[in-house]
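Please see the structure below; I have some questions.
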Amino acid sequence: MDEEGEEEEELGFSRNYFLARELGASGRKKSARKLSDIGLVEEQALRAALAEIRPKHEEEIASLLRSYKDLYTKWLFELKCGFGLLMYGFGSKKVLLEDFASTTLTDCDVVVINGYLPSVNLKQLIKATLLICVRESTKSDKVDEGTSDDRDVSDRGDGVTESM
């Protein structure tokens with residue numbers, strides 16, 4: 001008898017829950033405001049307003065980037081030893097990494113993957129990486145034969161930039 005009472009009580013709670021949901025849905029007020037009522041700003045006006053905004057902490061960021069340049073040789077050593085680099089913190093690290101790659105990694109192959117593009121997915125990354133490896137192996141074969149393809153950088157347009 002005790003179990004039946006608990007079961008009834010549980011059913012009562014669930015009935016009350018659904019009853020409250022039905023009553024609440026009919027009693028909700030809807031706003032008369034619509035997204036189309038918002039006055040949108042022209043793109044040119046928006047760009048002009050954004051151009052007037054001075055970036056905050058510009059001098060501190062430049063100082064920080066200069067201090068990181070002193071670490072480039074250490075980073076290169078760590079990469080050559082098989083370790084990876086992890087950059088974390090507020091703000092984009094793109095400028096820092098591009099500077100590191102263009103100034104310090106000049107004797108290395110560099111692949112830049114712009115992961116913030118929504119069109120980039122794992123299948124494309126694997127395909128592009130394999131394509132680069134195949135090109136590199138055929139390029140080294142051609143160098144051995146004396147017919148080299150002197151292409152340096154190729155931007156494929158899909159978020160992957162290769163530099164050999």
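Each value in this text was obtained by applying a stated rule to the coordinates, not by laboratory testing. No experiment lies behind these values; they were computed from the predicted model shown. All Cβ positions, glycine included, derive from the backbone under ideal geometry; neighbour counts span all protein chains shown.
Taking Cα centroids, how far is the range 64-126 from the range 40-58 in Å?
With the range 64-126 and the range 40-58 each reduced to a Cα centre, they are spaced 29 Å.
While we're on this one: Mind scanning 34/56; 69/139; 74/123; 93/139; 56/93 and naming the pairs with a C-alpha gap bigger than 28 Å?
Values: 34/56 35 Å; 69/139 32 Å; 74/123 33 Å; 93/139 32 Å; 56/93 16 Å.
Correct reply: 34/56; 69/139; 74/123; 93/139.
So how far apart, in nm, are the two label points at residue 141 and residue 110 if each is 7 Å from Cα heading toward Cβ?
Reported label-point gap for residue 141 and residue 110 is 2.9 nm.
Which order, highest average first, do 126-133, 45-52 follow once you tally other Cβ atoms within 10 Å for each residue and take the mean per peptide? Mind showing how you got there, number by number?
Details: 126-133: 13.5, 45-52: 9.0.
Most protected by this proxy first, the peptides run 126-133, 45-52.
Could you check the simple spin-label distance between residue 79 and residue 45, using points 7 Å along Cα→Cβ, in nm with one decimal?
4.6
Based solely on C-alpha atoms, express the radius of gyration and the Dmax of the range 46-107 in angstrom.
14.9, 48
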